[in-house]
């Protein structure tokens, strides 16, 4: 699975995700990626893209939950994503990338690794694969 | 407040730290390339939608990642692709699932979002919708990579070695995603 989230200079947020799904998938199985609110979501608060065990991401309507947690509790993107990663999902389930309306970026996972990268207009740059790098 | 910002991912899961340095370098280069694409769009005042579509297109075209070229194999030995896109400024959204001939599924998802009255098209219908657009089409073999093929063969051998019928829950539990 691959995904991207962005905030542009006009303050607009967007999210996109694309995938080949799960190896050896059967029965026309579909995961979280094309389910708006689960694997892909953007509103005026945040844009989020997910990757991982699709069924778990869908059960927790994960991407939308991150944005809603921010909107309804006043939490930061980092806090909201941490809530879903640690309190809603189980270890090994998933990873997320997100950006909020202020341009704050969060990339968190409870898997061993996630291919990820980020950059903002201030030059803050990250390119990482594993948790501790 | 940042003027613009972008983040991307290429999948999560069990990624061995023992990857050869040459392979690690290819992954880092793939991530850097995609990040550069997004940077160029946003730095020049482009839209967040253009940035995420172009970044995802770059990752779809990179055979290292499980999307577009390099996608995993289904049990039937083919490729079925899914994608979605959402504009946070309008709550407009587009999604497609079960595509087999669309080179860049996220671009079709964007056309669904912007040009149709609907949000989500699946399978044969999604392919028929693609016929009415100018999205680039490819044979399903285009998505084939040797690495994914060997991964699929190992998965097939493992499945056939199971003496008891596989339940849906067990099948999902032991599979990898991302």
Test set (1) crowded, with 22+ Cβ neighbours inside 10 Å; (2) closer than 23 Å to residue A:9 by Cβ - residue B:44 fails condition number: (1)
Among the candidates A:61, A:30, residue that is at the interface with chain B (Cβ under 9 Å from one of its Cβ atoms) and either out of contact with any helix residue (DSSP H, G or I) (no Cβ under 7 Å at 6 or more places or on another chain) or surrounded by fewer than 24 Cβ atoms within 10 Å (Cβ to Cβ) (or both): A:30
Those residues of segment B:81-110 which are within 20 Å of residue A:28 (Cα to Cα), surrounded by fewer than 24 Cβ atoms within 10 Å (Cβ to Cβ) and at the interface with chain A (Cβ under 7 Å from one of its Cβ atoms), in sequence order: B:98
Residue within segment A:115-133 that is under 21 Å from residue A:1 (Cα atoms), part of a helix (DSSP H, G or I) and more than 8 Å from every other protein chain (Cβ to nearest Cβ) present: no
Within segment B:115-150, tally of residues that are in a helix (DSSP H, G or I), within 12 Å of another protein chain (Cβ to nearest Cβ) and either over 15 Å from residue B:69 (Cβ atoms) or in contact with a strand residue (DSSP E or B) (Cβ under 6 Å, 6 or more places away or on another chain) (or both): 4
Single unsatisfied condition, residue B:74 versus (1) surrounded by fewer than 23 Cβ atoms within 10 Å (Cβ to Cβ); (2) out of contact with any helix residue (DSSP H, G or I) (no Cβ under 6 Å at 6 or more places or on another chain); (3) more than 8 Å from chain A (Cβ to nearest Cβ): (3)
Some residue of segment A:49-58 being surrounded by fewer than 20 Cβ atoms within 10 Å (Cβ to Cβ), more than 30 Å from residue B:44 (Cα to Cα), more than 8 Å from chain B (Cβ to nearest Cβ) and out of contact with any strand residue (DSSP E or B) (no Cβ under 8 Å at 6 or more places or on another chain): yes
Residue that is within 12 Å of chain B (Cβ to nearest Cβ), without any contact (Cβ under 8 Å) to a residue 60 or more places away in the chain, within 22 Å of residue B:3 (Cβ to Cβ) and not in a loop (DSSP other than H, G, I, E, B), where the choices are A:107, A:81: A:107
Matching option when the condition is at pLDDT below 95 and within 24 Å of residue B:59 (Cα to Cα), among A:15, A:117, A:112: A:112
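The values are calculated or read from the model by the stated rules, or taken from the named source; none is laboratory data. Model, not experiment: these values are computed from the prediction. We place every Cβ from the backbone using ideal geometry, glycine too, and count neighbours over all the protein chains shown.
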